[in-house]
Amino acid sequence: MSVKLLLSCLLLGEVQALSGRPCSCSFIFRRSWTWNFWHITDLHWDHTYELTDNPELVCESSGTSPAANAGKFGDYACDSPWNLINSSVYAMKEILPDPDFIVWTGDDTPHIPNEDLGENAVLSIVGNLTHIIQQVFPGGYYTEKLLSRTGYRMLVLNTNLYYDQNKLTVDMEDPAGQFSWADQVLTDAANDKEKVYIIGHVPPGFFEKKRLKSWYRSKFNQKYLDLIQKHHSVIFGQFFGHHHTDSFRMFYNSKDSPISTMFLSPGVTPWKTTLPGVVDGANNPGIRVFEYDTQTLLVKDVVTYYLNLTRANVAGGRWEKEYRLTESFKVADASPASMHHVLERIANSHCYLQKYYEFNSVNYDLTECDSNCRTDHVCAAREVDFKMYENCLKEGGAAAIHGGWLPILSVALSLVLVSR
Ligand SMILES: *[C@@H]1O[C@H](CO)[C@@H](O)[C@H](O)[C@H]1NC(C)=O
Ligand SMILES: *[C@@H]1O[C@H](CO)[C@@H](O)[C@H](O)[C@H]1NC(C)=O
Ligand SMILES: *[C@@H]1O[C@H](CO)[C@@H](O)[C@H](O)[C@H]1NC(C)=O
Ligand SMILES: [Zn+2]
């Protein structure tokens, strides 16, 4: 409710700005037990972005593909120009100026070869981004606020250590000792009756847009799963990025009950991925508010805002509400049990699947999600475990979830269901 009012105020603000009158937002109220925080991720600032007549010279991050529709706020072939970064941070300020904290899960640099970037460029990119966030949200409380309240803890993991491209960690069992450290932190948290949020960049499991594409080495994927299964009773949310898409991952116990959810928030960069096998994998820029219960840390709702990049380049940068989780998927909150219902709806109803699919690319790809697409998305969300994911694929994604979406198919597949 409060966010809706804020947004209408935002739109009103634009109209009134044109006529020179200030926007009055005094009617905004906030339900006292619900607090909120921003999650932004994958800003990927491309400092080389420049509007020129030659589409091949607009930005380095487009590689060999032309930036055919380049405008002030960017191009789907490029990483974010400064105007898009600036617009996203100011949109955050207008939509929700006073969050409890901001979760910012990395990927700041453009997709250009490392040798073309260098350490100084990386540092100055991180410096510039930190600067604008600090300028717009003075106080610099990105992830710290939670830490300063007794009983609540933010566990920040560097999961880049588990990346299968990371040659430095290939022979290690526990890079930087992070798993044993996290195990200790979570054990202490349970003893101290603390509640924990986990944030990181690269998620475990699979990329929902490319079958069998995972990021972690297998042993690290297993260790991550073990960590969550062991400590789920103190973990109230996991917030990651990296995919640039909007999705989520479910964690279950050995009895198949949902115990935790990892939210994968969409990126600010619209950059079309060059991962072979992904067709037209761009997205609209997205930013996200999580509403949570201050006492229990239960995630109550997720509200995603986005910029229609095509329209923004023509008509100016106006961020809009894309969707509210509980409204769009008809669930009570964003608890693991509710997110399991969301997944069941996606798996069993084409209407929900299609809705989820359009949100997945932040309203960029509005084509139909067919049964192959459904299998990829459902299995990636349902199974973080490598082996279970492969089994899910074999079963066409249907057997993993009760009550198939085609009635006839569901009868045939219910035989397979017993095996789970
Ligand atoms: C950033 O965005 C704000 C709000 O739209 C605008 O007032 C400001 O001029 C922008 N700054 C830059 C450097 O684009
Ligand atoms: C980035 O930071 C450098 C050094 O502070 C500054 O000179 C430059 O203008 C900044 N760029 C932007 C786009 O803010
Ligand atoms: C984005 O804007 C373009 C241009 O105005 C429009 O054609 C398209 O339908 C919009 N997309 C969405 C999801 O609203
Ligand atoms: Zn990224």
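The values are calculated or read from the model by the stated rules, or taken from the named source; none is laboratory data. The model shown is predicted, which means the values in this text are computed figures rather than measured ones. Neighbour counts run over all protein chains shown; Cβ positions are idealised from the backbone, glycine included.
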Index of the failed condition, GLU56 passing every other in (1) more than 19 Å from ILE112 (Cα to Cα); (2) in contact with a helix residue (DSSP H, G or I) (Cβ under 8 Å, 6 or more places away or on another chain); (3) more than 16 Å from ligand 1 (Cβ to nearest atom); (4) among the charged types (D, E, K, R): (1)
Sole exception among (1) modelled with pLDDT under 95; (2) of a type outside the set (Phe, Trp, Tyr); (3) within 16 Å of ligand 1 (Cβ to nearest atom); (4) surrounded by 13 or more Cβ atoms within 10 Å (Cβ to Cβ) for ILE85, by number: (1)
Selection from segment 313-358 of residues that are assigned to a strand (DSSP E or B) and surrounded by fewer than 22 Cβ atoms within 10 Å (Cβ to Cβ): GLU320, LYS321, TYR323, ARG324
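Which of the following residues is among the β-branched types (Val, Ile, Thr), in contact with a Phe, Trp or Tyr (Cβ under 8 Å, 6 or more places away or on another chain) and either part of a loop (DSSP other than H, G, I, E, B) or within 11 Å of ligand 3 (Cβ to nearest atom) (or both): THR304, THR310, THR296? Working first, answer last.
Details: THR304 fails: either part of a loop (DSSP other than H, G, I, E, B) or within 11 Å of ligand 3 (Cβ to nearest atom) (or both); THR310 fails: in contact with a Phe, Trp or Tyr (Cβ under 8 Å, 6 or more places away or on another chain).
Only one candidate passes the filter, namely THR296.
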Segment 158-192, subset assigned to a helix (DSSP H, G or I) and among the aromatic types (Phe, Trp, Tyr), residue surrounded by the fewest Cβ atoms within 10 Å (Cβ to Cβ): TRP181
Odd one out for ASP108, checked against (1) in contact with a Phe, Trp or Tyr (Cβ under 7 Å, 6 or more places away or on another chain); (2) closer than 23 Å to GLU291 by Cα; (3) of a type outside the set (Ser, Thr, Tyr): (2)
Condition met for PHE329 (free of Cβ contacts under 8 Å to residues at least 60 places away in the same chain and within 18 Å of the chain's Cα centre (by Cα)): yes
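Suppose the filter is of a type in the set (Asp, Glu) and within 16 Å of ligand 3 (Cβ to nearest atom); does GLU368 pass it? Walk me through it before giving the result.
Numbers: of a type in the set (Asp, Glu): yes; within 16 Å of ligand 3 (Cβ to nearest atom): yes.
Answer is yes for this residue.
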Residues satisfying the stated conditions in segment 358-392, i.e. in contact with an Asp or Glu (Cβ under 8 Å, 6 or more places away or on another chain) and either within 16 Å of ligand 2 (Cβ to nearest atom) or aliphatic (A, V, I, L, M) (or both): VAL362, LEU366, ALA380, ALA381
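Quick check on my filter: what residues within segment 201-213 are of a type outside the set (A, V, I, L, M) and on the phi > 0 side of the Ramachandran plot? Give the steps one after another, and end with the answer.
Quick first cut of segment 201-213, residues of a type outside the set (A, V, I, L, M) only: 201, 203-211, 213.
The one that is of a type outside the set (A, V, I, L, M) and on the phi > 0 side of the Ramachandran plot: GLY205.
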Among (1) modelled with pLDDT of 95 or more; (2) out of contact with any helix residue (DSSP H, G or I) (no Cβ under 6 Å at 6 or more places or on another chain); (3) part of a helix (DSSP H, G or I), the one test that GLU368 misses: (3)
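Yes/no per residue for (1) under 30 Å from GLY237 (Cα atoms); (2) touching a residue at least 12 places away in the same chain (Cβ under 8 Å); (3) of a type in the set (Phe, Trp, Tyr); (4) assigned to a loop (DSSP other than H, G, I, E, B):
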| position | (1), (2), (3), (4) |
| --- | --- |
| CYS78 | no, yes, no, yes |
| SER87 | yes, yes, no, no |
| PRO110 | yes, yes, no, yes |
| GLU119 | no, no, no, no |
| THR130 | yes, no, no, no |
Qualifying residue in segment 219-231 (condition: in a strand (DSSP E or B) and either over 18 Å from the mean Cα position of the chain (by Cα) or not charged (D, E, K, R) (or both)): no
PRO110 vs. criteria more than 16 Å from ligand 3 (Cβ to nearest atom), in contact with a strand residue (DSSP E or B) (Cβ under 8 Å, 6 or more places away or on another chain) and more than 15 Å from ILE287 (Cα to Cα): yes
